[in-house]
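Enquirer: Before anything else, here's the structure in question.
The values are calculated or read from the model by the stated rules, or taken from the named source; none is laboratory data. Here the structure is a predicted model, which means the values were calculated and not measured. Glycine also receives a Cβ, built like all others from the backbone with ideal geometry; neighbour counts cover every protein chain displayed.
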Amino acid sequence: MVIAVSVLDLLVVGGGITGLGVARLAAHNGLSVAVLERADLGAGASSATSHMLHGGLRYLEHGQFGLVREALRERARVARLAPELARPTRFLLPFRRGDRRPPWQIGVGLTLYDAFAGRSPADPTAGGRRLAPHSRVPAAAARALEPELDSEGLKGAAIYSDIVMDDVRLAVAVARDAADHGAAIHTYTEAIAARRLPDEAIEVTAHGPDGERRLAARAIVNASGAWGDDVRRRLVTSLDPGAPDPEPILRPSRGIHLVYPSLTRGHGLLLTARADGRVWFVIPFAAWSLVGTTEVEVASPPGAGELAPTLDEVRYLRAELAAALPGPAGTPVIAATCGIRPLLAAAGGVGEASREHRVVEDGPILTVAGGKYTTFRVMARDTLARVLARRGHGVRPILDRLAPLPRPLGDGHPVERLAEFAVDSEFARRIEDVLRRRTRLWLAPDRGRVAASTVAEVMARKLGWDDPRRRLEIERYQASLADEERLLARARG
Ligand SMILES: Cc1cc2nc3c(=O)[nH]c(=O)nc-3n(C[C@H](O)[C@H](O)[C@H](O)COP(=O)(O)OP(=O)(O)OC[C@H]3O[C@@H](n4cnc5c(N)ncnc54)[C@H](O)[C@@H]3O)c2cc1C
């Protein structure tokens with residue numbers, strides 16, 4: 001089916017937090033805008049993060065003060081947008097004999113971290129004033145706070161604040177806000193090529209659930225994350241046949257997390273890997289703990305075989321956990337997540353790569369790359385400013401309201417209601433969208449297997465699926481679980 005539409009002001013390719021942030025801001029500023037996402041909203045890196053709105057303490061070590069300061073300011077603002085999806089959390093940073101960084105150096109870093117944060121959102125643990133500043137406790141007090149911490153060589157701990165958020169639900173809330181302000185959201189629709197139309201408009205061809213789709217726009221924002229180089233090349237060379245391939249700007253890296261039942265008494269832990277000195281975390285997330293992450297450089301664009309956790313990564317995290325929290329480390333892993341960071345290309349090790357972002361213009365196609373989840377609003381502002389400048393609006397001020405985003409339904413509802421809401425209000429189109437990205441049913445003891453049938457029934461009713469489609473959807477979800485569970489079983493073995 002070919003659908004022709006009127007010319008939009010802006011077409012965004014990629015429905016991760018970056019693209020959705022751009023679409024939301026464009027819609028708030030009166031632009032007509034649509035988003036094309038080839039999978040589900042947030043299905044890329046934006047559902048596989050460490051769930052932290054943070055400045056990134058470790059970037060201070062690399063002298064990236066501006067980035068940390070900006071991200072800390074954004075930490076507070078994003079938390080204000082979605083207070084029910086962002087939880088102030090105290091993190092323990094244990095000091096051990098033989099550590100590479102002495103406690104005084106960490107103290108200096110945390111003093112800067114507190115200072116850069118400025119005024120922070122109300123923190124229930126600090127009497128509603130601001131996120132509690134850092135402090136330092138001796139070993140016995142650290143063990144009293146988190147008794148499972150390995151006592152070997154423990155000298156004490158620093159305690160500091162950050163915010164843990166629900167990454168994919170926040171992305172969906174941003175999409176809902178964009179749609180409430182007029183943005184059109186098309187999931188399972190892949191942008192393939194572009195061509196010029198009269199009057200400086202561009203037509204993008206996309207493959208969607210109902211076949212080929214064509215959308216026309218005055219500007220395209222390529223926010224396709226780790227696939228940014230590939231999408232840019234495809235759009236630029238189809239728009240101007242014969243144009244040379246643009247130079248790649250990305251150096252993507254894979255990171256995984258293991259999801260456990262809660263491993264701590266509510267604190268996060270910032271730890272240094274004994275194997276290689278990398279920083280890793282235990283992050284309290286609702287009833288679970290996320291353990292991660294890893295950093296493995298992958299190709300740009302990532303190959304199909306590079307999109308899943310490897311046995312080595314799972315074993316690495318399990319071994320580090322066993323050393324840091326020997327007691328609960330034997331607890332079975334519930335799930336593993338995997339995402340590809342769209343890092344900007346730079347010299348040096350991928351672990352030290354900057355989290356800065358860049359907007360690159362190829363005529364009417366703007367590629368936004370790099371950055372962090374926490375700074376998605378900054379990326380959106382920089383990108384929209386360039387779109388408006390191209391339209392001859394000069395330095396028109398951009399309206400960037402901090403009004404709360406639409407609220408999610410919350411978890412305590414019957415599965416049927418959750419599924420209805422996910423389809424009607426949150427753009428869910430597959431069982432996996434509901435189970436993994438609109439609810440936490442994938443972390444239930446049966447990994448959502450029973451709920452899958454109910455969800456399938458609701459979706460069949462709402463989306464007109466026949467019986468074979470309903471069965472296919474259930475099988476697809478079960479197959480994705482089976483792959484993950486096979487890997488985790490091998491790692492145990
Ligand atoms: C392991 C890990 C941990 C992280 N932890 C944190 C953290 O704690 N805090 C933080 O601030 N940041 C964190 N980050 C960084 C953050 O996740 C990313 O910077 C951010 O999510 C990137 O969002 P994005 O929208 O640019 O990319 P993505 O979320 O990957 O979205 C890109 C989208 O483009 C779509 N797409 C690709 N090609 C096409 C096409 N042709 N047509 C249509 N759609 C297309 C993809 O399907 C995808 O959904 C982490 C990243 C990783 C991987």
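Enquirer: Suppose we filter Leu131, Leu81, Leu145, Leu112 for residues that are more than 22 Å from Pro406 (Cα to Cα) and either within 15 Å of the ligand (Cβ to nearest atom) or touching a Phe, Trp or Tyr at 6+ places or on another chain (Cβ under 8 Å) (or both); which single one remains?
Expert: Unique residue meeting the criteria: Leu112.
Enquirer: Name every residue in region 242-281 that is farther than 21 Å from Pro445 by Cβ, touching a helix residue (DSSP H, G or I) at 6+ places or on another chain (Cβ under 8 Å) and not in a loop (DSSP other than H, G, I, E, B), in order of residue number.
Expert: Leu250, Ser253, Arg254, Ile256, Leu269, Leu270, Leu271, Val279, Trp280
Enquirer: Consider Arg486 carefully, then state whether it is part of a helix (DSSP H, G or I) and either over 21 Å from Leu307 (Cβ atoms) or out of contact with any Gly (no Cβ under 7 Å at 6 or more places or on another chain) (or both).
Expert: Yes, satisfied.
Enquirer: Hey, among Arg401, Arg396, Arg386, which residue is touching a strand residue (DSSP E or B) at 6+ places or on another chain (Cβ under 8 Å) and either among the aromatic types (Phe, Trp, Tyr) or within 26 Å of Val174 (Cα to Cα) (or both)?
Expert: Criteria check complete, one pass: Arg386.
Enquirer: Output yes when any residue across region 24-32 is crowded, with 21+ Cβ neighbours inside 10 Å, within 12 Å of the ligand (Cβ to nearest atom), modelled with pLDDT of 95 or more and closer than 23 Å to Ala183 by Cβ, and no when none is.
Expert: no
Enquirer: Please give the number of the condition Asp312 fails out of (1) surrounded by 15 or more Cβ atoms within 10 Å (Cβ to Cβ); (2) more than 11 Å from the ligand (Cβ to nearest atom); (3) over 23 Å from Leu8 (Cα atoms).
Expert: (1)
Enquirer: Among the numbered conditions (1) surrounded by fewer than 15 Cβ atoms within 10 Å (Cβ to Cβ); (2) not polar (S, T, N, Q); (3) not in a helix (DSSP H, G or I), tell me where Ala479 comes up short.
Expert: If we test Ala479 against (1) surrounded by fewer than 15 Cβ atoms within 10 Å (Cβ to Cβ); (2) not polar (S, T, N, Q); (3) not in a helix (DSSP H, G or I), just (3) comes out false.
Enquirer: Out of everything in region 285-312 that is part of a strand (DSSP E or B) and touching a Leu at 6+ places or on another chain (Cβ under 8 Å), what residue ends up being farthest from Ala323 (Cα to Cα)?
Expert: Filtering region 285-312 for residues that are part of a strand (DSSP E or B) and touching a Leu at 6+ places or on another chain (Cβ under 8 Å), the one farthest from Ala323 (Cα to Cα) comes out as Trp288.
Enquirer: Which is surrounded by fewer than 14 Cβ atoms within 10 Å (Cβ to Cβ), without any contact (Cβ under 8 Å) to a residue 12 or more places away in the chain and either more than 16 Å from the ligand (Cβ to nearest atom) or in the same structural domain as Ala217 (by TED's automatic domain parsing) (or both), of Gly327, Gly412?
Expert: Unique residue meeting the criteria: Gly412.
Enquirer: Being small (Gly, Ala, Ser) and either within 30 Å of Gly228 (Cβ to Cβ) or free of Cβ contacts under 8 Å to residues at least 24 places away in the same chain (or both): is that true of Ala142 here? Talk me through it step by step, then tell me what you get.
Expert: Values: small (Gly, Ala, Ser): yes; either within 30 Å of Gly228 (Cβ to Cβ) or free of Cβ contacts under 8 Å to residues at least 24 places away in the same chain (or both): no.
Against the criterion (small (Gly, Ala, Ser) and either within 30 Å of Gly228 (Cβ to Cβ) or free of Cβ contacts under 8 Å to residues at least 24 places away in the same chain (or both)), Ala142 does not qualify.
Enquirer: What pairs come out if I take residues in region 49-63 that are on the phi < 0 side of the Ramachandran plot and pair them with residues that are in a loop (DSSP other than H, G, I, E, B) whose C-beta lies under 6 Å away, six or more apart or interchain?
Expert: That search, which allows pairs on different chains as well, returns Ser50/Thr293.
Enquirer: Now a separate question. Please give the number of the condition Gly493 fails out of (1) at pLDDT 95 or above; (2) out of contact with any Phe, Trp or Tyr (no Cβ under 8 Å at 6 or more places or on another chain).
Expert: (1)
Enquirer: Here is a further query. Acidic (Asp, Glu) and more than 21 Å from the chain's Cα centre (by Cα): which single residue out of Glu432, Glu426, Glu420 fits that description?
Expert: Result: Glu420 is the single residue among Glu432, Glu426, Glu420 that is acidic (Asp, Glu) and more than 21 Å from the chain's Cα centre (by Cα).
Enquirer: So, Thr375, is that one under 27 Å from Leu343 (Cα atoms), in contact (Cβ under 8 Å) with a residue 12 or more places away in the chain and not in a helix (DSSP H, G or I) or not?
Expert: no
Enquirer: Turning to a different aspect of this structure: Hey, could you check region 180-233 for residues that are within 13 Å of the ligand (Cβ to nearest atom) and either without any contact (Cβ under 8 Å) to a residue 12 or more places away in the chain or among the basic types (Lys, Arg) (or both) and say which is nearest to Gly370 (Cα to Cα)?
Expert: Only one residue tops the list, namely Arg232.
Enquirer: Any idea which residue in region 313-326 is farthest from Val291 (Cα to Cα), counting only those that are outside any loop (DSSP other than H, G, I, E, B) and among the hydrophobic types (A, V, I, L, M, F, W, C)?
Expert: Ala323
Enquirer: Separate question: Return yes or no: is Val387 in contact with a Ser or Thr (Cβ under 6 Å, 6 or more places away or on another chain) and either away from the ligand (no atom under 13 Å from the Cβ) or outside the structural domain of Leu441 (by TED's automatic domain parsing) (or both)?
Expert: In short, no.
Enquirer: To continue, here is another question. Between a first residue in region 238-258 that is assigned by TED's automatic domain parsing to the domain that holds Gly303 and a second residue that is away from the ligand (no atom under 15 Å from the Cβ) and β-branched (Val, Ile, Thr), which pairs have beta carbons less than 7 Å apart while being 6 or more apart in sequence or on different chains?
Expert: Close Cβ pairs satisfying both conditions: Leu258/Val333.
Enquirer: Among the numbered criteria (1) surrounded by fewer than 24 Cβ atoms within 10 Å (Cβ to Cβ); (2) near the ligand (Cβ under 9 Å from one of its atoms), which single criterion is violated by Ile17?
Expert: Of (1) surrounded by fewer than 24 Cβ atoms within 10 Å (Cβ to Cβ); (2) near the ligand (Cβ under 9 Å from one of its atoms), only one is false for Ile17: (1).
Enquirer: So which of Ala79, Ala141 is surrounded by 15 or more Cβ atoms within 10 Å (Cβ to Cβ) and among the aliphatic types (A, V, I, L, M)?
Expert: Numbers: Ala141 fails: surrounded by 15 or more Cβ atoms within 10 Å (Cβ to Cβ).
After applying the criteria, what remains is Ala79.
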